[in-house]
1. Below 8 Å between Cα atoms, with a sequence gap of 6+, how large is the relative contact order for the range 199-296 in percent?
2. Arrange the residues 234, 312, 250 by how much accessible surface each exposes, largest first, with a 1.4 angstrom probe.
3. If each residue of separation counts as 0.36 nm, what is the full-extension length gain between residue 304 and residue 188 once their alpha-carbon separation is subtracted?
4. HN-Hα J couplings of the range 156-165 from phi, Karplus 6.51/-1.76/1.60, θ = phi - 60°, integer Hz, Gly and Pro as x?
5. Starting from the Cα gyration tensor of the chain, take the square roots of the eigenvalues, sort them a ≥ b ≥ c, and report rounded, prolate or oblate (rounded when a/c is under 1.5, otherwise prolate if a/b is larger than b/c, else oblate).
6. Output ³J(HN,Hα) for the range 260-272: one whole-Hz value per residue in order, computed from phi by the Karplus curve 6.51 cos²θ - 1.76 cosθ + 1.60 with θ = phi - 60°, and x for Gly and Pro.
7. Karplus couplings for the range 88-98 from phi (6.51 cos²θ - 1.76 cosθ + 1.60, θ = phi - 60°), rounded to Hz, Gly and Pro as x?
8. For a quick protection proxy, order the peptides 276-288, 258-270 by their average other-Cβ count within 10 Å, most packed first.
Amino acid sequence: MTQIQSVEASTGSPPLPPATTPEGTAAAPAEARSLLATAWLRIRRSRIALASLCVVVAIVLFAILAPILSALSGNDPLTSNTSPEVLDDFQTPGLPLPGYMYPSAEHWLGVEPGLGRDLFARLAFGGQVSLTIALLSTAVSVVLGTVLGAAAGYFGGKTDAVISRIMDLFLAFPHLLLVLSLTPILQSRLRDTPLGEGSFLPMASLVIILGFFGWAYLARIVRGQVLSLREREFVEAARSFGASHLSVLFRQIIPNVMGVVLVYATMLIPTNISAEAALSFLGVGVKDPTPSWGQMLNAAQSGNWYLSDPWFLAVPGVMLIVTVLAFNLLGDAVRDALDPKASRH
């Protein structure tokens, strides 16, 4: 302390004053933020990101609260009503009458042609099915892709060669054609298992198929990240303290690639929502009477009801478009927010 005071006295330079704001007040010291806190700050500053997040939350709540909303509307997704007071018996048999085709106090979105089931209830419960399939299949892909990609990048050698060739094999197959051909086979195999009971069969088969064939691209991305991380100082320090390979992999490596994994997951969810809708529309996914947005589109097309009742096609179609668009915009926002090279505003 005496030496510092003597230096100040000899130079005649007073200590630097604390930093101040333009208003003349002392500036608060900079606070360190985590990656997720920084990402959330960037998302809050983007109107598009906030709007897409609000839409995603609203859609998820709509699906979760489907039983409550259905009860409030006074209808359920499975009860048919083919009485002449609801469906036309003469000019276009099965077509809802004008008072039931469009939203009303009794049926908030009208009824579907043919069976007269409530469209609002089927849309809400269909959202449960579609989002559940998309989220679970995304979780399967993320777990497989993260673990296998990290193992390939960290261990290298023969492990890397084997896993990389498997990645190339999965990426080489036409995804939609493979899923279309394997889904009926898997459903027949699962029919005599606990997963084959009732409506669980198509849901379980789609989760397994979409999840199992969606991990390779993420694994390749994670592998590239891990190749640069495995030589970093914190990994070498963990090894020097005697940490096992599994401990280094799951406690040091994988947590440092979770930003990339999170971005990929947010982009994969809308892809799986569209895939479920496409498979159900083509007749190999969710089947009637279990509601899903893809199954509702299939019902509108299979009976050519969209020609005389376009509202029946528009309801699940618009819901599907809004959901996929909101998830895609949110995924773009998360990607930009978690990008360390993104400009700070």
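The values are calculated or read from the model by the stated rules, or taken from the named source; none is laboratory data. The shown structure was predicted, so the numbers you read here are calculated from the model rather than taken from an experiment. Reconstructed Cβ throughout: ideal geometry from the backbone, glycine too, with neighbour counts over all protein chains shown. Each accessible area value is taken on the protein alone, full model and side chains, heavy atoms only, with ligands, DNA and RNA left out. Shrake-Rupley method; radii C 1.70, N 1.55, O 1.52, S 1.80 Å.
1. Numbers: 54 pairs, mean separation 28.6, N = 98.
Normalised by residue count, the contact order of the range 199-296 is 29 percent.
2. Values: 234 65, 312 0, 250 105 Å².
The ranking, largest first, comes out as 250, 234, 312.
3. On the way: separation 116, 0.36 × 116 = 41.76 nm, distance 2.90 nm.
Answer, rounded to one decimal: 38.9 nm.
4. x, x, 5, 4, 5, 4, 5, 5, 5, 5
5. Because a/c hits 1.5 or more and a/b fails to exceed b/c, the chain counts as oblate.
6. For the range 260-272, the Karplus curve yields 5, 5, 5, 4, 5, 5, 5, 7, 7, 4, x, 4, 6 Hz.
7. Using θ = phi - 60°, the values come out as 5, 10, 10, 5, 10, x, x, 6, x, 5, x Hz.
8. Numbers: 276-288: 22.2, 258-270: 20.6.
Output ranking for 276-288, 258-270: 276-288, 258-270.
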